[in-house]
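Student: Below is one structure. I have some questions about it.
The values are calculated or read from the model by the stated rules, or taken from the named source; none is laboratory data. The structure displayed is predicted, hence computed values, not measured ones. So basically every Cβ, Gly included, is an ideal-geometry build from the backbone, and we count neighbours across all protein chains shown. What goes into the accessible areas is simple: the full protein's heavy atoms, side chains included, and nothing from ligands, DNA or RNA. Shrake-Rupley method; radii C 1.70, N 1.55, O 1.52, S 1.80 Å.
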Amino acid sequence: MRHNKRTMTLSWQSTVTVSAHFLHGMLHFVRTHHGEKVAAQVLASAAIPQSLLQQPDARLTRQQYVALYRTVAATLDDEMLGLWSRPIRTGTLKYLMLSLLDAPTVLVALNRFVRFWNLLLDDYRLQISTKNNLVRLALVERTPGTQVTPLGHELMMKLIHGIASWLLGREINLHRVEFSFARPRHVDDYAFLYPGEVSFDAGMTSIYFSYQDCAELFKREKHELWAFLKRAPEDWTFSAFHRASVAAKTREYLEQHIAQPVTIQDLAKALHTSVRTLNRRFAEEGTHFQAVKDGLRRDIAVHRLTNSNVGVAALAFDLGFFDATGFCRAFKHWTGSSPSDYRKGSRQDE
């Protein structure tokens, strides 16, 4: 196989894509309250083509996701996208974060976080507890039988994890997260959104951290907060810190050797571990080596087809395929579309 001599300038973090599942979830309340015309305007403002709505395996780039989130929040005047019982008005996150800055530890900050949200939510309340050296934050129904909105639960757990990580200045270890809904189709995304053990069909949605991490002191200044808020929701959705999961480490290593025929044996050697240990850790995270490799190549392909004019053959070469035919076959398996059709769809509304 020929090795790529060109530099791939995007890091593994910037090339992460997410399922178009988020697209439908974010647009739901725009459609309900403002109609299809406004929903179309929201998509156009976020540079997302209408055609993605008809592709169940389509992907959103990080930039598209952030732009869509911001546009929907502004349209609804709701920083949580209409997903809870009452609107979370613009500015809520700012005042929430200001209430956390002078907390001495992450645990105190999380207690304040819980009290803050419990003033706002009617359908659920947040509950915090400590047991067996773990700190648990759970969403508890105020009324039995409350309808579960999966995207709302996903975003709340991501917000808790993202804020705790930002306060510490590093990605806080996520012991596990449990969701009260069934395993979704886009479950592969969870390896990067929630770097820890993830399970479904739980009695209630909960997130767990180690008590030791939560007991740590932190110090954050207001000027740092303004930068965090300006970038929201990017930093609390896609952590800017080093990720500890084996899937993330694998993705980072593969991105640096994307055009080379890297095997799991090569990866084990690079990470100073055994193949057996690697496979066990992949299994704990609900994935495997080939899935992570394919996910990275898919995401780079989606990003470059959306944001550049690179030819399909050149892109296939950059991603380590023997020829364009193999790449086209793989890309259609990943997304349901050929590379040419995907690029055409991503630009038809420009």
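Student: Using a 1.4 Å probe and counting only protein heavy atoms, arrange Ser45, Ser99 so the residue with the most accessible area comes first.
Tutor: Ser45, Ser99
Student: Keeping all protein chains in the complex and leaving out DNA, RNA and ligands, what accessible area do you get for Ile163 with a 1.4 Å probe, in Å² to the nearest 10?
Tutor: Looks like 0 Å² after rounding.
Student: Given the -39500 (n - 2.57) contribution per DSSP H run of 4+ residues, what per-residue ellipticity at 222 nm results for the chain, rounded to the nearest 500 deg cm²/dmol?
Tutor: -15500 deg cm²/dmol
Student: In degrees between 0 and 90, to the nearest 10, how far off the longest principal axis of the chain does helix 324-335 point, with axes built from Cα atoms?
Tutor: 20 degrees
Student: How much accessible surface area, in Å² rounded to 10, belongs to the heavy atoms of Thr75 with a 1.4 Å probe?
Tutor: 50 Å²
Student: In terms of modelled amide H atoms, which long-range or inter-chain residues lie less than 5 Å from the amide H of Thr205?
Tutor: It is Leu139, Ser180, by chain and number.
Student: Order His33, His333 by their accessible area, 1.4 angstrom probe, all chains in place, largest first.
Tutor: His333, His33
Student: Let me ask something else. In debye, nearest 20, what is the charge dipole magnitude of the chain about its Cα centre with +1 on Lys and Arg Cβ and -1 on Asp and Glu Cβ, if you could check?
Tutor: 480 debye
Student: Accessible area per residue for the chain in Å², computed with a 1.4 Å probe and the full protein assembly in place, what is it?
Tutor: 46 Å²
Student: Long-range amide H contacts for Glu79: which residues qualify at under 5 Å (H placed 1.01 Å from N, peptide plane, sequence gap of 5 or more or a different chain)?
Tutor: Placed amide hydrogens put Ile88, Arg89, Thr90 under 5 Å from Glu79.
Student: Continuing with this model, one more query. If the viscosity is 1.567 mPa s and the temperature 4 °C, what Stokes-Einstein diffusion coefficient in µm²/s follows for the chain when Rh is the Kirkwood radius over Cα pairs?
Tutor: Estimated via Stokes-Einstein, D reaches 61 µm²/s.
Student: At 1.4 Å probe size, with no ligands or nucleic acids counted, give the accessible surface of Lys131 in Å², nearest ten.
Tutor: 150 Å²
Student: Provide His21, His288, His153 ordered by accessible surface of protein heavy atoms (probe 1.4 Å), highest first.
Tutor: Descending order: His288, His21, His153.
Student: Once you charge only the Cβ atoms, +1 for Lys and Arg and -1 for Asp and Glu, what is the size of the charge dipole of segment 254-294 about its Cα centre, to the nearest 20 debye?
Tutor: In debye, rounded to 20, segment 254-294 gives about 200.
Student: Under a straight-distance cross-link criterion of Cα-Cα below 30 Å, which lysines are reachable from Lys269, leaving out those fewer than 8 residues away in the same chain?
Tutor: Lys5, Lys249, Lys293
Student: I would also like to ask the following. As I understand it, the value is the acute angle between the Cα axis of helix 246-256 and the longest principal axis of the Cα atoms of the chain; what does it come to in degrees, rounded to 10?
Tutor: The helix 246-256 is inclined about 40 degrees to the chain.
Student: Springs between alpha-carbon atoms under 10 Å, Gaussian network over the chain: tell me which of Ala215, Ala330, Ala232 tops the mean-square fluctuations.
Tutor: Looking only at Ala215, Ala330, Ala232, the largest GNM fluctuation is found for Ala215.
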